[in-house]
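Below you'll find the structure, written out as structure tokens, and then a few comments.
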């Protein structure tokens with residue numbers, strides 16, 4: 001029997017929300033160093049978040065945002081030094097609104113991808129695959145909330161900002177009608193791999209390929225969208241999930 005459980009909270013404090021350390025979802029950063037912060041804040045609303053940012057700004061404290069599971073492999077969550085502030089989105093985890101007519105969903109920034117996908121599915125919707133410093137002076141209360149919509153040139157910067165543009169509090173996502181995916185795995189010789197790399201991805205919406213050089217084989221994942229009312233056979237024929245005799249595995253791994 002195989003069991004799984006949620007990872008531990010990446011933020012640990014010696015006293016209530018003070019003298020803290022943070023790690024990533026792997027439990028250690030690549031350089032094995034310890035990332036420390038003087039304090040962590042857990043805002044539960046956008047108003048509380050704005051107040052936290054404003055207070056830290058007036059105190060000239062360095063701050064970094066941490067998610068519930070801290071999926072940052074490098075030390076992007078470290079506030080640089082032991083006097084910094086961590087702002088966790090752990091409790092900014094509410095689904096705010098689903099607009100079925102416009103096919104949009106508004107959520108707080110701490111909502112996990114699993115939560116989002118599950119709630120969207122309940123509404124018959126699906127999440128599609130994804131195709132600068134912001135200063136705030138004293139006259140703005142040392143923090144401000146900006147709304148960036150699709151088409152705004154700043155949106156691309158916000159997507160890859162890694163937190164340097166501020167703390168994202170809410171996101172409205174454009175969804176699609178719910179659909180299924182038809183997936184088939186095909187194992188072929190790699191003699192034409194170079195040609196296939198150039199064209200295979202254009203033939204299927206979600207396709208990918210895995211190359212096994214020692215075996216001179218390529219596993220092609222033929223993966224396309226189908227209507228949600230199409231019946232499936234529930235078969236996952238991915239070679240990695242097939243049961244194999246250990247002796248056969250040893251032969252495959254030593255054959256070159």
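The values are calculated or read from the model by the stated rules, or taken from the named source; none is laboratory data. The structure displayed is predicted, hence computed values, not measured ones. When we count neighbours, we look across all protein chains shown, and the Cβ atoms used for this are built from the backbone with ideal geometry, even at glycine.
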| Residue pairs meeting the criteria (Cβ under 9 Å; at least 6 apart or on separate chains; first surrounded by 10 or more Cβ atoms within 10 Å (Cβ to Cβ), in segment 194-207; second assigned to a helix (DSSP H, G or I)) | 196/190; 207/200; 207/201
| request: Kindly check whether there is at least one residue in segment 121-142 that is at pLDDT 90 or above and either more than 23 Å from the chain's Cα centre (by Cα) or in a helix (DSSP H, G or I) (or both). | output: yes
| query | Which residues, counting only those in segment 25-44, are surrounded by fewer than 19 Cβ atoms within 10 Å (Cβ to Cβ), part of a loop (DSSP other than H, G, I, E, B) and modelled with pLDDT of 95 or more? | reply | 42, 44
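Would you say residue 87 is in contact with a helix residue (DSSP H, G or I) (Cβ under 9 Å, 6 or more places away or on another chain) and under 17 Å from residue 108 (Cα atoms)? Let's see the steps before the verdict.
Details: in contact with a helix residue (DSSP H, G or I) (Cβ under 9 Å, 6 or more places away or on another chain): yes; under 17 Å from residue 108 (Cα atoms): yes.
It is true that residue 87 is in contact with a helix residue (DSSP H, G or I) (Cβ under 9 Å, 6 or more places away or on another chain) and under 17 Å from residue 108 (Cα atoms).
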| query | Does segment 28-50 include one or more residues that are closer than 15 Å to residue 8 by Cβ and out of contact with any strand residue (DSSP E or B) (no Cβ under 7 Å at 6 or more places or on another chain)? | reply | yes
| field | Lone qualifier among 41, 56, 51 - being closer than 21 Å to residue 109 by Cα and touching a helix residue (DSSP H, G or I) at 6+ places or on another chain (Cβ under 6 Å) | value | 41
| Can you name the residue in segment 211-256 that is assigned to a loop (DSSP other than H, G, I, E, B) and farther than 28 Å from residue 178 by Cα and, of all such residues, is modelled with the highest pLDDT? | 216
| Applying the selection to segment 169-193, what residues are under 20 Å from the mean Cα position of the chain (by Cα) and surrounded by 14 or more Cβ atoms within 10 Å (Cβ to Cβ)? | 169, 170, 171, 172, 173, 175
| message | Just to check your reading of the model, which residue among 14, 4 is exposed (fewer than 12 other Cβ atoms within 10 Å of the Cβ) and either at pLDDT 90 or above or not in a loop (DSSP other than H, G, I, E, B) (or both)? | response | 14
